[in-house]
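Read the structure below first, then the notes.
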Amino acid sequence: SATPVNVTVTGAAGQIGYALLFRIASGQMLGADTPVRLRLLEIPQGVKAAEGTAMELDDCAFPLLAGIDIHDEPRAAFDGVNVALLVGARPRGPGMERGDLLAANGGIFKPQGAAINAGAAYDVRVLVVGNPANTNALIAQAHAPDVPASRFTAMTRLDHNRALTQVAKKAGVPVADVRRLTIWGNHSATQYPDLFHADVAGRPGVELTEDRTWLEDDFIPTVAKRGAAIIDARGASSAASAANAAIDHVHDWVHGTPEGDWTSAGIVSDGSYGVPEGLISSFPVTSSGGDWEIVQGLEVGELSRVKIDASVAELVQERDAVRELGLL
Ligand code: NAX
């Protein structure tokens, strides 16, 4: 039978970890023919809870699950890793300034990047979920100089999936009939969900943009502020939907995107669409042969230009702030 793929999940004892691990072990991320070995990385205070989750994983008797290891130290957790899901991060506490948040996360993502550089498998693929995801991914990537920069990505798939459903509801069509949406920029409230190039059940998405009030006062803020709306309703942040998006991201990275469609992911910019080279920003992307590629040649109208530039400006500020902190 096939050699198991080593999948490391950080923040394994957190709420996204709990929603994610069972789906990975059941084969939904890498496919029904691919055995997986799970490596759970937690901080020492999280290890006992991770052991409990590992007991439950055992109790599922997943045929594809080849083993589970629990670590509280990144070097061991990333040794030989093929797929790394960096979920654990430092949340913003009360009264915490943005600089403090970036510094605290730098203390997590710098050593994790270095550990990936030191021990990961040649084909390693990294998805950063923990916020601020784009800039955490940039920090990890900067400390893994021997790994191709294209292997470091940040998750905007949840935003993408949220946008798909908003459009489907507005148009009254099944969500599967909505294609070619794009999330641009940062995974934050400045993100720009773009439906100017969308295909909505065979009709151009640009028809929906003619309702400017809906577009600017409903669609864009509903997608961008959905995380806060979930917290307000659930009393806890998005977990199962975030885990689902991580599964989708890695699945499509490994297995490819469907012909005629694209998705959104935070990947290292090559300068496309005026996004400064080296930033990890969300783009319209296709995947084939295990590599993401930015969809080229899309016309960027006036509204889109302003919105993309604003979100990218925030990414530049975050990059400059972590650079000043000596984290890049
Ligand atoms: P939880 O607080 O439930 O879990 C986080 C876990 O990470 C905890 O168990 C903690 O012990 C662990 N952890 C902290 N530092 C660690 C380290 N250095 N190494 C290993 N583990 C560490 O948070 P959860 O709800 O699971 O969310 C995790 C992260 O995802 C947060 O940063 C959150 O903001 C982010 N999100 C990102 C989303 C995205 O679309 N990119 C959406 C969902 C989510 O908000």
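Values in this text are rule-based calculations from the coordinates and carry no lab data. Remember, it's a predicted structure, so these values are computed and weren't measured experimentally. Cβ: placed from backbone, ideal geometry, glycine included. Neighbour counts: every protein chain shown.
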Q: Would you work out if the range 157-317 is rounded, prolate or oblate? Take a ≥ b ≥ c from the square roots of the eigenvalues of the alpha-carbon gyration tensor; rounded if a/c is under 1.5, else prolate when a/b is larger than b/c, oblate otherwise.
A: rounded
(Q) Please give the Cα centre distance for the range 149-225 versus the range 113-145, rounded to the nearest Å. (A) 27 Å
Q. Any idea what angle helix 133-142 forms with the longest principal axis of the chain, computed on alpha-carbon atoms, 0 to 90 degrees, nearest 10?
A. 60 degrees
**Q.** Tail weight of P(r) past 28 Å, computed on alpha-carbon pairs of the range 5-154, percent
**A.** 15 percent
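May I ask you to sort 71, 249 by Cβ crowding, counting other Cβ atoms within 10 Å and putting the fewest first?
In order of increasing Cβ crowding within 10 Å: 71, 249.
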Q: Note the angle between two axes, namely the Cα long axis of helix 98-119 and the longest principal axis of the Cα atoms of the chain, as a number of degrees from 0 to 90, rounded to the nearest 10.
A: 60 degrees
Q.
Just to verify a number: FRET efficiency for residue 48 and residue 310, C-beta to C-beta distance, R0 = 56 Å, to 0.05?
A. 0.80
(Q) If I take every Cα pair under 8 Å that is 6 or more residues apart in the chain, average their sequence separation and divide by the length, what percent do I get for the relative contact order? (A) 17 percent
Q: Pairs of Cα atoms under 8 Å, at least six residues apart: use those to get the relative contact order of the range 153-211, whole percent.
A: 28 percent
Q: Compute the longest continuous run of the chain that contains no exposed GluC sites (Glu not before Pro); treat a site as exposed when its DSSP state is not H, G, I, E or B and it has at most 10 other Cβ atoms within 10 Å.
A: 98-209
**Q.** Alpha-carbon Debye profile of the chain, log10 I(q)/I(0) at 0.09 Å⁻¹
**A.** -0.44
Q. Hey, what number do you get for the chain at 222 nm if only DSSP H runs of n ≥ 4 count, each worth -39500 (n - 2.57), divided across all residues, to the nearest 500?
A. -12500 deg cm²/dmol
Q.
Give me the one-decimal nm value for the distance between modelled label points at residue 72 and residue 225, 7 Å along each residue's Cα-to-Cβ direction.
A. 4.1 nm
